[in-house]
Amino acid sequence: MDREDATVLVAEAEGVLVGVAAHSVRDGVMNLTQFHVSPAHWREGIGSALHLACVSDWQRRGVTVARLEVFEPNQGARAFYSACGWTPDPDLPRHGDHLVLRLAVPRARQS
């Protein structure tokens, strides 16, 4: 990553890298900049676990809103993000051929 404030999370299965998520603050807003799971490991819960790890990190940092861009034709990714609670960003709905989505980061549960 070319940003010193970026966070990169990885997922492994049997010692093999199977997923990666990266996020950083851009223009004052937390952005999920990379999110990939190896197609051989789709539907195994890896994407959900990576997403939950991102949300947990954002909660620890006090982040209340996150943003991402998704390639409009990528229906699988759009469905995944929708299931995770991401919605179209009303302030910036598009960026080129990408849709801009926003997630209201829930507050961390107090134990």
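None of the figures in this text is laboratory data; all of them are computed from the coordinates on show. A quick note: this is a predicted structure, and the numbers were derived from the prediction, not measured. Note: ideal-geometry Cβ built from the backbone for every residue, glycine included; neighbour counts use all protein chains shown.
Phi angles of region 26-41 translate, via the Karplus equation with coefficients 6.51, -1.76, 1.60 and θ = phi - 60°, into HN-Hα couplings of 9, 6, x, 10, 5, 10, 7, 8, 9, 7, 9, 10, 4, x, 5, 10 Hz per residue; Gly and Pro are given as x. Amide H contacts of residue 11: 18, 19, 20, each under 5 Å away and 5 or more positions distant or on a separate chain (H built 1.01 Å from N in the peptide plane; Pro and chain starts excluded). Calculated mean residue ellipticity, 222 nm, the chain: -7000 deg cm²/dmol, from DSSP H runs (n ≥ 4) at -39500 (n - 2.57) each, averaged per residue and rounded to 500. If Lys and Arg each add +1 and Asp and Glu each add -1, what is the summed charge of the other residues whose beta carbon sits under 13 Å from the beta carbon of residue 84? Its environment carries a net charge of +2. FRET efficiency for the pair residue 59 and residue 29, taken as 1/(1 + (r/R0)^6) with r the Cβ-Cβ distance and R0 = 22 Å, rounds to 0.90.
Couplings 3J(HN,Hα) of region 43-57, computed from phi: 6, 10, x, 5, x, 4, 5, 5, 4, 4, 5, 4, 4, 4, 5 Hz, in residue order, whole Hz [Karplus 6.51 cos²θ - 1.76 cosθ + 1.60, θ = phi - 60°; x for Gly and Pro].
Take every Cα pair under 8 Å whose residues are at least 6 apart in sequence, average their separation, divide by the length of region 7-104, and the relative contact order is 22 percent.
Each residue of region 99-106 was assigned a 3J(HN,Hα) from its phi angle through the Karplus curve 6.51 cos²θ - 1.76 cosθ + 1.60 (θ = phi - 60°); the sequence is 8, 9, 10, 10, 10, 7, 6, x Hz, with glycine and proline shown as x.
Taking amide H positions as modeled 1.01 Å from N, with prolines and chain starts lacking one, the residues under 5 Å from residue 105 and 5 or more places away or on another chain are 65, 66.
Which entry is the computed Rg/Rh (Cα atoms, Kirkwood Rh) for this structure: (1) 1.04; (2) 0.95; (3) 1.00? This structure yields the entry labelled (2).
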